[in-house]
1. Looking at Lys68 and the list (1) among the basic types (Lys, Arg); (2) more than 18 Å from Leu87 (Cβ to Cβ); (3) not in a helix (DSSP H, G or I), which single condition is not satisfied?
2. Return the residues of region 25-62 that are small (Gly, Ala, Ser), farther than 18 Å from Ala111 by Cα and crowded, with 16+ Cβ neighbours inside 10 Å; say none if nothing qualifies.
3. Considering only residues that are small (Gly, Ala, Ser) and either part of a helix (DSSP H, G or I) or over 24 Å from Arg93 (Cβ atoms) (or both), which ones fall in region 35-47?
4. What pairs can you find where one residue is in region 94-113 and under 15 Å from Asp45 (Cβ atoms), the other is of a type in the set (D, E, K, R), and their Cβ atoms are less than 7 Å apart, with a gap of 6+ or different chains?
5. Name the one entry in Arg78, Arg100 that is basic (Lys, Arg) and loosely packed, with under 11 Cβ neighbours inside 10 Å.
6. Considering only region 17-34, state which residues are without any contact (Cβ under 8 Å) to a residue 60 or more places away in the chain and either outside any helix (DSSP H, G or I) or among the charged types (D, E, K, R) (or both).
7. Could you list all residues from region 4-24 that are of a type in the set (A, V, I, L, M, F, W, C) and either under 25 Å from Lys91 (Cβ atoms) or buried (at least 16 other Cβ atoms within 10 Å of the Cβ) (or both)?
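Please treat every number below as a calculation from the coordinates, not as lab data. Owing to the predicted nature of the structure, the values given are computational and were not obtained by experimental measurement. Counting neighbours? That spans all protein chains shown, and the Cβs are built from the backbone with ideal geometry, glycine included.
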Amino acid sequence: MGSVSFEFTSIGRFKTAQDAYIAECEEAQYEYGHDYYNGSISTTDGCSRESNAPRFGTRKFDGFIGNKLEKMGKGDCRYVEIEGTALKKLKERRGYKGKRNIKAFFFYGWARC
């Protein structure tokens with residue numbers, strides 16, 4: 001079977017990135033089914049943190065993610081926690097302005113299809 005790359009941002013009341021990953025996998029299974037090759041994040045083998053990423057939302061960040069995707073394999077998933085000004089702007093755009101305990105994560109990788 002093949003693979004397809006994915007990149008998306010998850011925002012909400014999550015205690016950890018693992019909580020966000022599980023929520024996204026459950027949502028993907030609801031939307032795309034429980035097939036092991038459905039082409040969504042639910043077909044990955046877990047998720048690991050990317051610790052040395054440039055600031056989210058910059059051209060440097062986009063290039064960094066592109067380079068990382070080239071080196072990743074099928075079923076790999078990584079995340080970057082979005083913090084600071086980028087988180088504040090994202091909260092405003094997504095309707096979480098003024099809310100506490102909101103975290104955001106950028107997930108990327110290769111899903112099985």
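1. All conditions are met except number (3).
2. Passing the criteria: only Ala53.
3. Start the filter on region 35-47 by keeping residues that are small (Gly, Ala, Ser), which leaves 39-40, 42, 46.
Those that are small (Gly, Ala, Ser) and either part of a helix (DSSP H, G or I) or over 24 Å from Arg93 (Cβ atoms) (or both): Gly39, Ser42, Gly46.
4. Listed pairs, sorted by first residue: Phe107/Glu24; Tyr108/Glu7; Tyr108/Arg78; Gly109/Asp76; Gly109/Arg78; Trp110/Lys74; Trp110/Asp76; Arg112/Lys74.
5. Arg100
6. So the first thing to find is which residues in region 17-34 are without any contact (Cβ under 8 Å) to a residue 60 or more places away in the chain, and the list is 18-19, 22-23, 25-34.
Asp19, Glu26, Glu27, Glu31, Gly33, His34, listed by residue number.
7. Across region 4-24, the qualifying residues are Phe6, Phe8, Ile11, Phe14, Ala17, Ala20, Ile22, Ala23.
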